[in-house]
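Participant: Got a structure here, written out as structure tokens. Questions coming.
Values quoted throughout were computed directly from the atomic coordinates according to the rules given, and no laboratory measurement underlies them. Because the structure is a prediction, the values reported are computed rather than measured. Note: ideal-geometry Cβ built from the backbone for every residue, glycine included; neighbour counts use all protein chains shown.
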Amino acid sequence: MQRDEQIFELIEAERERQTDGIELIASENFTSPQVMEACGSVLTNKYAEGYPGKRYYGGCEVVDEVETIAIDRAKTLFGAAYANVQPHSGSQANTAVFHACIKPGDTILGFDLSHGGHLTHGSPVNFSGRLYNPTFYGVKKDTGLIDYEMLSDVAEKEKPKLIIAGASAYSRDIDFAKFREVADNVGAILLADISHPSGLIAKGILNDPMPHCHVVTTTTHKTLRGPRGGLIMMGENIDNPFGLKLKNGNLRKMSGLLDSGIFPGNQGGPLMHTIAAKAIAFGECLTDDFLHYMLQVKANADAMAKAFVAKDYNLISGGTDNHMMLIDLRNKDITGKAAEQALVKADITVNKNMVPFDTESPFITSGIRVGTPAITTRGLKEDDMAYVVDLIDEVLTNHENETVLKAVAEKVNKLMSGRPLFNG
Ligand code: PLP
């Protein structure tokens, strides 16, 4: 078979783009070589519908072992009593939980997308807003912090069956105990979607949802630094959504519902190559090296936030507790879209993002979201953050000046040269 040079040349071009640039998309990261090796392995050839020991295909003895290791490592990493490592993505993990826990037409209460929530938390353009009746909480205008009073008021009024705690663009820690109080008051199931900060949570740097939330979902490719995918978990000793203790046989009952929410509920064959890569990534996350990495991600985000504030950038909530920040650019006279485009020309990648109470459309936006997981994997430290912010500021204040953008790109390439994608 002839090698497909057309595609391999494009893969090489993408490798160069990733290597030369400063990657600040908060949801991206660079996986280790062994995670990528597993993704490209013969496990991609195997069908394995079902779960370890209960498959609908023969020849699953080896992949059964792989999946069991992935499950065990996920449970150890998060202190969970149950884990399902099969979701192809974070969205599919959430879909499965909805399938398992509520019925179409039921009311759900999620974080408003324009305030930092995710599409799967009730957006009208997503299954979650189309099949269910979505209601929302948001942040306070003056502080940019989650409005827990609003959360409680909307819950009392709308009586949701499911409440979702979690976000795609929220830079502060989340009070899961408070969410649980609100959920208990109205008899709702509480789902924590920790897709973004899961690496920080796994290492004890942020509040732990496991003791408070009925179900926890996460992606595996953001701060966890694994392959693209999803994960569903439940903690020990949590009252399950049917008012039963998860201890004893009831855990099995609830986990059966979640398992069938994934297969056969919304997926067919699991991606065994990805599950092997998840197992490797979870193993990496269990090390002290990963703890140091996560502490560095947070230290870098904090240093970067302070450097932005020093240059009069308006950070939602004024700073960050985690790996990211959301910047309102309205005082800088540039939209999120124009900022994203100019930064790309300077080899700096961010994403435009709605800010709370935005006056622009989701295609234009007034803000950008910036995160430090990927540049920390490249080896940048706190001392580099002020310089990165200087480069961003130079681009944003000269965003129509192609000469400046080119000059900044050269500085970016110099800063990143000699740094492998994965510096672990
Ligand atoms: N949940 C949250 C909070 C997210 O931020 C994301 C992705 O950005 C997802 C779910 C969905 O993950 P995926 O893109 O893997 O479907």
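Participant: Limiting things to C-alpha atoms, what are the Rg and the maximum Cα-Cα separation (Dmax) for region 40-156, in angstroms?
Facilitator: Expressed in Å, the Cα Rg and Dmax of region 40-156 come to 18.8, 59.
Participant: Moving on. Classify the chain as rounded, prolate or oblate, taking a ≥ b ≥ c as the square roots of the eigenvalues of its Cα gyration tensor: rounded when a/c is under 1.5, otherwise prolate if a/b is larger than b/c and oblate if not. Each step should come with its number before you reach the end.
Facilitator: Values: a/c = 1.89, a/b = 1.23, b/c = 1.54.
Oblate shape, in that a/c is at least 1.5 and b/c is the bigger or equal ratio.
Participant: Next up: Around HIS196, with a cut-off of 14 angstrom between Cβ atoms, what is the net charge of the other residues, counting Lys and Arg +1 and Asp and Glu -1?
Facilitator: Once all neighbours under 14 Å are counted, the net charge is +1.
Participant: In a shell of Cβ-Cβ distance under 11 Å around ALA301, excluding ALA301 itself, what net charge do Lys and Arg (+1) and Asp and Glu (-1) give?
Facilitator: -1
Participant: Where the eigenvalues come from the Cα gyration tensor of region 252-314, what are the semi-axes √(5λ) of the equivalent ellipsoid, largest first, in whole Å? The partial results should precede the final answer.
Facilitator: Details: eigenvalues 296, 65, 28 Å².
Equivalent ellipsoid of region 252-314: 38, 18, 12 Å, largest first.
Participant: Could you give the dipole magnitude of region 300-355 about its Cα centre, charging the beta-carbon of Lys and Arg +1 and that of Asp and Glu -1, in debye to the nearest 20?
Facilitator: Dipole about the Cα centre, nearest 20: 160 debye.
Participant: Over the alpha carbons of region 323-366, what is the largest minus smallest coordinate on each principal axis, giving the biggest first in Å?
Facilitator: Taking max minus min along each principal axis of the Cα atoms, region 323-366 gives 30, 24, 19 Å.
Participant: Can you flag which of LYS203/LYS306; LYS141/LYS178; LYS222/LYS311; LYS222/LYS352 are past 22 Å Cα-Cα?
Facilitator: LYS203/LYS306; LYS222/LYS311
Participant: Which of THR120, LEU131, LEU415 sits closest to the plus end of the dipole of the chain, meaning its Cα is farthest towards the positive end, when Lys and Arg get +1 and Asp and Glu get -1 on the C-beta?
Facilitator: LEU131
Participant: May I pose another question? Please get the size of the charge dipole for the chain, origin at its Cα centre, with Cβ charges of +1 on Lys and Arg and -1 on Asp and Glu, quoted in debye to the nearest 20.
Facilitator: 920
Participant: Looking at region 299-424, what % of the alpha carbon pairs are farther apart than 17 Å?
Facilitator: Looking at region 299-424, the distances longer than 17 Å represent 56 percent of pairs.
Participant: Can you give me the Cα centroid spacing of region 326-345 and region 250-309 in angstrom?
Facilitator: So the two Cα centres are separated by 30 Å.
Participant: Quick one, could you list the DSSP H helices from the chain stretching 27 Å or more along their long axis (Cα atoms) with average Kyte-Doolittle hydropathy of -0.5 or above?
Facilitator: Helix filter hits for the chain: 288-310.
Participant: Report the percentage of all Cα-Cα pairs in region 1-103 whose separation exceeds 20 Å, rounded to a whole percent. Working shown, then result.
Facilitator: Details: 3190 of 5253 pairs.
So the portion of pairs separated by more than 20 Å is 61 percent.
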